[in-house]
Amino acid sequence: MDDRQQPESKKRVVVCGGGIIGVCTAYFLAKKGVAVTLVEKSSVACAASGKAGGFLALDWCDGGPVESLARASFNLHRSLSEELNGPDSYGYRPLTTLSITVTESGPSSPSGSKSSGDSTIPSWVDGATRGPRTIGTTQTTAQVHPQLFTRTLLNTAVEKYGVEVVIGKLEQLRVEEGRVGSVVLEGGRVIESDSVVLSLGPWTGKFEMLASMFRVSGLKAHSIVLEPKDPGAITPHALFLSFHPQGGKAMDPEVYPRPTGEVYICGMSAEEEVPDDPEQIVGNPASIAMLKRVGKSVSSHLREGEARVKAEQACFLPCTDDGVPIIGEVPGMKGCYVATGHSCWGILNGPATGAAVAELVLEGRAT
């Protein structure tokens, strides 16, 4: 065939980062007909996107700079769930969300001694609780299993829209005359591209080109996943706690039952240096032990012996100095885009960020 008869070649975009933001971006680009290569250093959703709580809220970012992003993304989660069979494939479901004060009981009074006869509190929450308030309804709060969500989205992008996944470490971008032309991986592989999206999460600061422009730090957050003996007894209520441990300062852990029969508990975070390899991240034993105490104090179903500890883990949330994510084209470098710094709202804001970046890459602006 001569050139005149050949179809117009597809735009080529390399997305670096296999967490929620990179995967959502790859998904929406590929759906629009782009030839997408996703580059991930370790494995897909191996860091915060696999170990997060997966909590979604419509209006909790209201009054701040990401209000419209969060609202759009909450609604996009709902439509993606319809498209991808979210309830079955990644545990999407609406939730009632409660704020509760919990006091750690002493060894002589095990949980199972619910002190407040309040009907707001679900029956499985039988520890020493008070002051329950409903802070989210099934209209305004929901959840996904974040690792299953990220992987479902990517599998669909690969199978339906031809996304290629490459496991390799981003070494550098080749820029000619102010425009990005290719991505170079460790070991020398070069991937030609018309545009590049850098969704490196807490590893953004390790990529020199970006580290010189802005700061993204890592907040190390701990979590445990428990498997109760009777998962059917656990209702879909997300719990935001004010937890008062014996002889310690009050803390704000969170408890998320999942439709998979697990209960996820998180909290205990501190700023720490992000290691080069996501697989090297391990939890601090004292933080993990405290989360087990939280579980035991909330419910007799979550005590040792009544629940199996399925995971003890930690991950780094990507945080910016002003708490606002960094999304857009890099100044002075055509075709190079950044999407990072979503802190604890990465799973919520992933879909709208990915959809917006896809529009930005293809049309120069995002609706």
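The values are calculated or read from the model by the stated rules, or taken from the named source; none is laboratory data. None of these values were measured; they are calculated from a predicted model. Counting neighbours? That spans all protein chains shown, and the Cβs are built from the backbone with ideal geometry, glycine included. Remember, those area values only see protein heavy atoms, side chains included, never the ligands or the DNA or RNA. Shrake-Rupley method; radii C 1.70, N 1.55, O 1.52, S 1.80 Å.
For segment 45-67, check the following and say yes or no: at least one residue is under 15 Å from ASN155 (Cα atoms), crowded, with 19+ Cβ neighbours inside 10 Å, charged (D, E, K, R) and in contact with a strand residue (DSSP E or B) (Cβ under 8 Å, 6 or more places away or on another chain).
no
Please work out which residue is nearest to GLU359 (Cα to Cα), limiting yourself to segment 324-348 and to residues that are among the small types (Gly, Ala, Ser) and open to solvent by less than 60 Å² (accessible area, probe 1.4 Å).
Restricting to residues being among the small types (Gly, Ala, Ser) and open to solvent by less than 60 Å² (accessible area, probe 1.4 Å), the top hit is GLY328.
For SER269, are the conditions met, namely being surrounded by 14 or more Cβ atoms within 10 Å (Cβ to Cβ), farther than 26 Å from GLY18 by Cβ and of a type in the set (S, T, N, Q)?
No.
Kindly indicate whether any position in segment 123-130 is at pLDDT 95 or above and over 23 Å from the mean Cα position of the chain (by Cα).
Yes - at least one qualifying residue is present in segment 123-130.
Output the helices (runs of 4 or more DSSP H) that fall wholly within segment 1-99 and possess 3 or more residues being at pLDDT 95 or above, or say none.
20-31, 67-84, 86-90
Quick check on segment 299-323: of everything there that is of a type in the set (A, V, I, L, M) and either more than 25 Å from GLY232 (Cβ to Cβ) or not assigned by the TED database to the domain that holds LEU239 (or both), which residue is most open to solvent (accessible area, probe 1.4 Å)?
Selected residue: LEU317.
Given the criterion under 18 Å from SER199 (Cβ atoms) and of a type in the set (Gly, Ala, Ser), identify the matching residue among GLY328, GLY283, GLY305, GLY267.
GLY328
Conditions tested, residue by residue: (1) within 16 Å of PHE316 (Cα to Cα); (2) at pLDDT below 95; (3) crowded, with 23+ Cβ neighbours inside 10 Å.
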| site | (1), (2), (3) |
| --- | --- |
| THR260 | no, yes, no |
| ILE281 | yes, yes, no |
| VAL294 | no, no, yes |
| SER297 | no, no, yes |
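Specify the residue that is nearest to the chain's Cα centre (by Cα); the eligible residues are those in segment 315-345 that are at pLDDT 95 or above and small (Gly, Ala, Ser).
Result: GLY341.
Do the conditions hold for GLY187, that is, is it at positive phi, surrounded by 15 or more Cβ atoms within 10 Å (Cβ to Cβ) and of a type in the set (Gly, Ala, Ser)?
When the stated conditions are applied, GLY187 does not pass them.
Show the residue pairs meeting these rules: Cβ distance below 7 Å; 6+ apart or different chains; first residue within segment 321-346 and closer than 16 Å to SER217 by Cβ; second residue of a type outside the set (Asp, Glu) and surrounded by fewer than 16 Cβ atoms within 10 Å (Cβ to Cβ).
Partner pairs satisfying both residue conditions: ASP321/ARG215; VAL324/PRO65; ILE326/PHE214; VAL338/GLY328; SER343/GLY323.
Keeping to segment 215-252, report how many residues are out of contact with any Phe, Trp or Tyr (no Cβ under 7 Å at 6 or more places or on another chain), open to solvent by less than 50 Å² (accessible area, probe 1.4 Å) and farther than 21 Å from CYS46 by Cβ.
Number satisfying all stated conditions: 10.
For the condition among the polar types (S, T, N, Q) and assigned by the TED database to the domain that holds HIS222, what is the one hit in THR37, THR103, THR25?
None of the other options fit; the residue is THR103.
Can you run down the residue pairs with Cβ atoms below 6 Å, 6 or more apart or on separate chains, where the first is in segment 293-320 and on the phi < 0 side of the Ramachandran plot and in contact (Cβ under 8 Å) with a residue 40 or more places away in the chain and the partner is outside any loop (DSSP other than H, G, I, E, B) and open to solvent by 70 Å² or more (accessible area, probe 1.4 Å)?
ARG303/LYS296; LEU317/CYS344
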